[in-house]
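All remarks here apply to the structure that follows.
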There are 2 protein chains.
Amino acid sequence: MISKHMAPYMEGNKTVRAMFELGKNLAAEIGAENVYDFSLGNPNVNPPEAVKQAIIDILNTEDPHVVHGYMSNAGFDLTRQAIADNLNQRFGGEGAHYAAKNIVMETGAAYALNVVLRTILDDEDEIITFAPYFLEYANYVRNYNGKTVAVPQSPETGFQPNLDAFEKLITPRTKGVIINNPNNPTGVIYTEETMTKLAAILKKKEEEFGTVIYLISDEPYRELVYTDVKVPFAPKFYDDTIVAYSFSKSLSLPGERIGYLAVGDEADGAEELLAALAVTTRVLGTVNAPSLIQLAVARCLNEKVDVDYYKKNAEDLYRIVTEAGFEAVKPQGAFYLWVKAPDGDDNAFVNAGIDCHIIMAGGSGFAGPGYVRLAFCVDHEMILKSEPAFRELAAKYF
Amino acid sequence: MISKHMAPYMEGNKTVRAMFELGKNLAAEIGAENVYDFSLGNPNVNPPEAVKQAIIDILNTEDPHVVHGYMSNAGFDLTRQAIADNLNQRFGGEGAHYAAKNIVMETGAAYALNVVLRTILDDEDEIITFAPYFLEYANYVRNYNGKTVAVPQSPETGFQPNLDAFEKLITPRTKGVIINNPNNPTGVIYTEETMTKLAAILKKKEEEFGTVIYLISDEPYRELVYTDVKVPFAPKFYDDTIVAYSFSKSLSLPGERIGYLAVGDEADGAEELLAALAVTTRVLGTVNAPSLIQLAVARCLNEKVDVDYYKKNAEDLYRIVTEAGFEAVKPQGAFYLWVKAPDGDDNAFVNAGIDCHIIMAGGSGFAGPGYVRLAFCVDHEMILKSEPAFRELAAKYF
């Protein structure tokens, strides 16, 4: 017998699972080669060879008691130091000056976000995020009895956050704001201008309410960028920033669950916060991020997956979809193409897609009704082959 | 600024950390070779060579997209099937008949317990456990707004659970009972007789209250046994059992965070419960247990660390401590020797130990005041060398 509070989680799971199962069933029926499945954000580019070499080298040369053993709840010092150095090297010009103590290794960014929310939320505290958003955010906030407050999506600004609406939603109970940059599901990069204004609003509200509002910057897609637009370094704009990073996408290691939190010294109560994040890491049950892969990523911080592959996918899928007549946001980063449902009904659009053997995720599932999400971390050939299917889908509408 | 609810976690952390820091400082002062540190349950025996070979072989032969990729939230099917088969093979005579669907891979047993508690607890629901107990249990229960109800320790039964006291503490809000077998911190194995009686009480109370009470059997030390006493297979005694297992100790992989939950078909609402455990695994943030090590343990289910090393440690430490004049529980399993503070004051005993360069963990930290815990997963030579120090400590009391 599961608890009463589990119901909304189980319900949400059904929505996603239904889509996934549909694609699988369709593939079984008509052959996988005839199904254009854009439902899942599962990286399809292999990890850099250096990751494999790092793991084998560590196993062959390091003390197994260290490699597979407990360490500080915050992670191996050498990994934290390597990450701090790497961040300073890349973002020193934007104010990065981390030490090992500023980094807490986590079992992926999703767990990292849970750790942050557990650490800063009391019952009924509020977390603001910008629609459309990765729907798990709402689950994570609910885990700690917080309230998710969503800023409505703003197609009129090209899905940059609507900062006027945002400002009005901040209250004395606002403990944090989650941004996801580049964004899942829109593929949009929040600009320097956005970040400057957003930071100014937060500072103003902190002063007005006498509170601390953390900016939680969820950055699993930081390295996956397909334009010249630079992903702003969030701590440059706002002192009370907590960066949540994952190697799932940049090194194609989503199953390994490895990432980190970074908190600069200038953040409010940084020392206490960092200590608490480490304790929460232990107390929520993972104790520490997995050890061998912690050591491996420390050796691969300058490695990257083949971003050009994704870029080609982004460009070709955008071209195919828009040439078929649909309106879409040109992907700047991440894995996703955000497409407008021609008549504004994303559920109907998803179903019409299925009739053409195209599997898409409805935007309502991301608090972005009226749109659908197409994940383009798929085989490039499949994208090219999908062109007639998108034309067929367009013929149903136009 | 951390949340108000974090205070008790941070406080608890200080107690443990203080001990650890003390040992480190003392080692820096007088040399590590002069400190007898029995504070931490960190396995000191190396993992079997087969683990290294399995990892390297997987990296060299399997598809990296699978090895490091997402899978079902419950884990790789092949790993779950291998574990089910292994359990059936070992415990088939005691009723084990698992399939892959009965196993959910978790990021260690501590996370597995969090997943269970998150899945079954509503606010103010109660979890019973037997003192002395692994203190994190209380933190895990608190994470989900539950209440920990502790059955007082029972030295009179050799630290087998006091089942009369237990029965009186069960209420309609009791959602689960956590046992830890072999036990940390006492090293005691709960007997078949204990399990039979405990199960009968639970069944009676389920009927009386019309509720479901899960027996949560936390078994990281299952394979570490130093006597002929067999660790009872909990599901044999009680249908509504959830087994939480970790490979941290049996394969010396504590840093890797790999374990599982097992729920038999005969457990109440097994199908819904298993589905919910998988969803909770995702929603609490780890998404899935780390992938490469999932594949590796599937190949190493018949491997074991050198248990004889620990056995020798257990015997020698027990001999040294009791010959010095202290009263201790003879360890049957796990990593720990449970020693009575001669005057009943465990804090004073810990401090007296420090004066003799012996680092022990106070039993109060395990809800077992009047006792101390000595972890013997340490270098065997250190144990032998500690004999004069224990005699010196004894001289302070007798």
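The values are calculated or read from the model by the stated rules, or taken from the named source; none is laboratory data. In this text the structure is predicted, and so the values were computed from the model without any measurement. All Cβ positions, glycine included, derive from the backbone under ideal geometry; neighbour counts span all protein chains shown. All accessible areas refer to the heavy atoms of the entire protein, side chains included, with ligands and DNA or RNA removed. Shrake-Rupley method; radii C 1.70, N 1.55, O 1.52, S 1.80 Å.
Tabulated data
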item	result
Among the residues listed as A:Phe326, A:Phe349, the single one being assigned to a loop (DSSP other than H, G, I, E, B) and touching a Pro at 6+ places or on another chain (Cβ under 8 Å)	A:Phe326
Answer residue from the stretch B:312-326, given it is of a type in the set (Asp, Glu) and touching a helix residue (DSSP H, G or I) at 6+ places or on another chain (Cβ under 9 Å) and is surrounded by the fewest Cβ atoms within 10 Å (Cβ to Cβ) among those	B:Glu323
Residues of the stretch A:214-251 satisfying the condition of being polar (S, T, N, Q) and in contact with a strand residue (DSSP E or B) (Cβ under 6 Å, 6 or more places away or on another chain)	A:Ser217, A:Thr241, A:Ser246
Scope the stretch A:157-179; condition within 14 Å of another protein chain (Cβ to nearest Cβ) and closer than 12 Å to A:Thr129 by Cβ; matching residues	A:Thr174, A:Gly176, A:Ile178
Residue within the stretch A:138-146 that is more than 23 Å from A:Tyr238 (Cβ to Cβ) and of a type in the set (D, E, K, R) present	yes
Residue that is most open to solvent (accessible area, probe 1.4 Å), among those in the stretch B:33-75 that are in the same structural domain as B:Tyr309 (by TED's automatic domain parsing) and more than 28 Å from the chain's Cα centre (by Cα)	B:Glu33
Qualifying positions in the stretch A:284-313 - facing another protein chain (nearest Cβ under 10 Å) and either part of a helix (DSSP H, G or I) or at pLDDT below 95 (or both)	A:Ser291, A:Leu292, A:Ile293, A:Gln294, A:Leu295, A:Ala296
Whichever residue in the stretch B:92-107 is small (Gly, Ala, Ser) and within 25 Å of B:Thr280 (Cβ to Cβ) and, among such residues, is most open to solvent (accessible area, probe 1.4 Å)	B:Ala99
Output for the stretch B:281-311, where each listed residue is of a type in the set (D, E, K, R) and either within 21 Å of the chain's Cα centre (by Cα) or open to solvent by less than 10 Å² (accessible area, probe 1.4 Å) (or both)	B:Glu303, B:Lys304, B:Asp306, B:Asp308, B:Lys311
Residues of the stretch A:1-24 satisfying the condition of being at pLDDT 70 or above and more than 19 Å from B:Arg118 (Cβ to Cβ)	A:Ala18, A:Met19, A:Phe20, A:Glu21, A:Leu22, A:Gly23, A:Lys24
Entirely in the stretch A:1-100, the helices (runs of 4 or more DSSP H) that have 2 or more residues that are facing chain B (nearest Cβ under 9 Å)	A:7-30, A:49-61, A:64-67
Residue in the stretch B:358-391 that is modelled with the lowest pLDDT, counting only those that are within 13 Å of B:Asp345 (Cα to Cα) and open to solvent by 40 Å² or more (accessible area, probe 1.4 Å)	B:Ser364
Subset tally (residues that are surrounded by 20 or more Cβ atoms within 10 Å (Cβ to Cβ) and in contact with a strand residue (DSSP E or B) (Cβ under 6 Å, 6 or more places away or on another chain)) for the stretch B:347-356	2
Filter result for the condition that a residue is touching a Ser or Thr at 6+ places or on another chain (Cβ under 7 Å) and either assigned by TED's automatic domain parsing to the domain that holds A:Ile320 or open to solvent by 90 Å² or more (accessible area, probe 1.4 Å) (or both), over A:Met19, A:Met10	A:Met19
Options A:Tyr238, A:Tyr214, A:Tyr190; residue that is within 25 Å of A:Ala375 (Cα to Cα) and aromatic (Phe, Trp, Tyr)	A:Tyr190
Residue that is farthest from the other protein chains (Cβ to nearest Cβ) [pool: residues in the stretch A:227-283 that are of a type in the set (A, V, I, L, M) and more than 24 Å from A:Leu78 (Cβ to Cβ)]	A:Val229
Residue list for the stretch A:101-132, restricted to those being outside any helix (DSSP H, G or I) and among the aliphatic types (A, V, I, L, M)	A:Ile103, A:Val104, A:Met105, A:Leu121, A:Ile127, A:Ile128, A:Ala131
Residue that is surrounded by the fewest Cβ atoms within 10 Å (Cβ to Cβ) [pool: residues in the stretch A:252-280 that are part of a loop (DSSP other than H, G, I, E, B) and in contact with a His (Cβ under 8 Å, 6 or more places away or on another chain)]	A:Asp265
The stretch A:112-126 - residue that is touching a residue at least 60 places away in the same chain (Cβ under 8 Å) and within 9 Å of chain B (Cβ to nearest Cβ) and, of those, farthest from A:Thr171 (Cα to Cα)	A:Ala112
Selection count where residues are of a type in the set (Ser, Thr, Tyr), open to solvent by 10 Å² or more (accessible area, probe 1.4 Å) and not in a loop (DSSP other than H, G, I, E, B), scope the stretch B:195-244	1
Complete set of residues in the stretch B:333-346 that are assigned to a loop (DSSP other than H, G, I, E, B) and open to solvent by less than 40 Å² (accessible area, probe 1.4 Å)	B:Ala334, B:Phe335, B:Ala341
Among residues of the stretch A:144-202, those that are aliphatic (A, V, I, L, M) and touching a residue at least 40 places away in the same chain (Cβ under 8 Å), counted	10
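To keep it simple, each residue is scored yes or no on (1) β-branched (Val, Ile, Thr); (2) in contact with a helix residue (DSSP H, G or I) (Cβ under 8 Å, 6 or more places away or on another chain).
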| residue | (1), (2) |
| --- | --- |
| B:Ala334 | no, no |
| B:Asp345 | no, no |
| B:Met360 | no, yes |
| B:Ala375 | no, no |
| B:Val378 | yes, yes |
